[in-house]
Amino acid sequence: MLGSWRAYSEMFCHLKPLKRFCLKKILPHWLHCSRALSGAEAINALRPFYFAVHPDFFGQHPREREINENSLKRLSVYLENLQKPGFKSLKPTQLTFYIREKAAQNSSEGQEPVSTSGFRAVRFTLHTSDLLSTVLYILNSCSLSVEHIQSLNTNVHSQPLKEAIGMPDRPIKWHRSYYSFTGFKDPDEDLEHVSRVETTLMSWLGSNGKIAVKKLKNSLPLRKELDRLKNELSELLQLSDIRWQRGWGVAHRCSQLHSLSRLAQQNLEPLQNAKGCTIVFTDRSGMSALGHVMLGTMDVHHHWTRLFESLPSYFDLQRRMSTLEDQISNLLGGIRVVYVEELQPALTLEEYCSLLDVFYNRLLKSRMPSHPQSLSGLQMILSSDRYEPSLHELGHFNIPALSDPTSLQSFMRSKAQQARENMTRRAELKVIENELIQASTKKFSLEKLYKEPSISSRQMVDCCKRLLQQSLPYLRGMHLCVSHFYSVMQDGDLCIPWNWKKGEAMK
């Protein structure tokens, strides 16, 4: 098909006006027919891509997982807009994905070398105007096969595969006069415009504020239903809290609470074992390293019931975990072993206890000298990485479980004073962050102001300080999330990057 396009492009300049007019009328219809692809077929064609970037495979890497989740949300919006009747053109959308090493063995443009974590970062900009070219562009950008697309029940297979995947003998570059004459959108022009005109906070809010207000208004009944269900279940089961590990929408959360409520009506006794616990809806069932009861959203009631019945044995394992942490602390001069959810991989209680056990046994075998309370008041995070021990800017030590105990103790003692200073700065920064969040919420009459886990206190402070210098009437009554990108979420939450650019609203 692309070969035919090249022939048409080379002939176009030599056609007489009447023939040009006929071509102008015929080509759009011909192109649409030859590239028709349904939404379901597009999802099916992207299965290798979804498998390669699915957040479930990044449980040990919170940062990569969050980036993939955010990019998938933006991709979903792009694909939905492509299927809307009468759409004219879409703004170029820049996306970043981390792909598992096996799925990204071949290097291509926009990709970085495979990291030590076994993932490759792939960045690309979508500026396609139909589902087929979007699917092919995504797969090609990620060095994934497109051969399976031939088997789809469309007329895509009628064109040669080499041409369909965008590999012509030479690149097609249409002259600007072609777009002027036909009225088609020039993708290169859109990209140039994006590079010249950087999105500013005011212009983005001006363009998206009404959309967010409409979505938020539509979600209000479900939000009230969510609060009601959460309060009823928390009171019935005497829970500390109910949370969600993933960024599911309000409708999904309500559905999950309805499911738990039905289980409580059918068989309440096992669920009463969760008294005083926090329940977290996540990707797998079990107990987390923090002691939260994890309910896998893909599991059936039978699995949840078995988990609630086995909670007493998990509580025994929790006590074993606390003992191991205390024993490690005593051997390392009083330093406290902590698990920080925002900074560490999502581990189950069994996985974390196993990690603690390995580290404790290495310390025992080393018979290193004791320095009682020399590191008292400090904190350390234990990890399964094979990197060297390090001191985090927040004041805690990052310690691999397979570290050499003797050199480890020397390292921590040499960095103890710096760690105390970092912890003091962290505490001060946290106080400032909370004050600025309260001030921003009050000034802009926000319903809620929050941040994504990957946003540091320093970044949040910087963002809020600059927000307080602005006049932003668009934010009244809104839910504002500080993130790494601009987005209107499905329930009306506004996401803005922490390092947003200042500028005037577009008229």
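What the table below lists for this structure:
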{"quantity": "Inter-probe distance in nm under a simple model that places probes 7 Å from Cα toward Cβ, at S445 and E225", "calculated": "2.9"}
{"quantity": "Cα lying deepest toward the dipole's positive end in the stretch 217-388, options S285, N330, G249, charges on Cβ", "calculated": "G249"}
{"quantity": "Accessible area expressed per residue, the stretch 217-388, with surrounding protein chains retained (probe 1.4 Å, Å²)", "calculated": "52"}
{"quantity": "P(r) tail fraction, the stretch 217-388 - alpha-carbon pairs more than 21 Å apart, %", "calculated": "55"}
{"quantity": "Stretch gain in nm, segment I432-V77, where the contour uses 0.36 nm per residue and the Cα spacing is subtracted", "calculated": "124.3 nm"}
{"quantity": "Linear extension gain, L364 paired with T199, 0.36 nm per residue minus alpha-carbon span", "calculated": "53.8 nm"}
{"quantity": "Environment charge at E325 (Cβ cut-off 12 Å; Lys +1, Arg +1, Asp -1, Glu -1)", "calculated": "+1"}
{"quantity": "Percent of beta bridges antiparallel (DSSP, the stretch 217-388, rounded to nearest 5)", "calculated": "20"}
{"quantity": "Cα→Cβ-extended label distance, 7 Å offset, between H371 and A251, nm", "calculated": "5.8"}
{"quantity": "Pairs from K430/K465; K217/K442; K217/K275; K73/K442; K443/K465; K91/K214 whose Cα-Cα separation, in the structure shown, is over 23 Å", "calculated": "K217/K275; K73/K442"}
{"quantity": "The stretch 433-507: GluC sites (Glu not before Pro) in DSSP coil with no more than 10 other Cβ atoms inside 10 Å", "calculated": "E504"}
{"quantity": "Whole-angstrom gap from the stretch 201-242 to the stretch 343-389, using each part's C-alpha centre", "calculated": "40"}
{"quantity": "Approximate spin-label separation D299-H54, in nm, with each point projected 7 Å along Cα-to-Cβ", "calculated": "1.8"}
{"quantity": "Sites K91 and T323 - FRET efficiency at Förster radius 45 Å, r taken between beta-carbons, to 0.05", "calculated": "0.20"}
{"quantity": "Protection proxy ranking, peptides 489-497, 467-475, average beta carbon neighbours within 10 Å, highest first", "calculated": "489-497, 467-475"}
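The values are calculated or read from the model by the stated rules, or taken from the named source; none is laboratory data. This structure is a prediction, so every number in the text was calculated from the model and none was measured. Don't worry about glycine lacking a Cβ; one is built from the backbone with ideal geometry, like all the others, and counts go over all protein chains shown. Accessible surface is based on the protein model in full, side chains and every heavy atom, while ligands, DNA and RNA are left aside. Shrake-Rupley method; radii C 1.70, N 1.55, O 1.52, S 1.80 Å.
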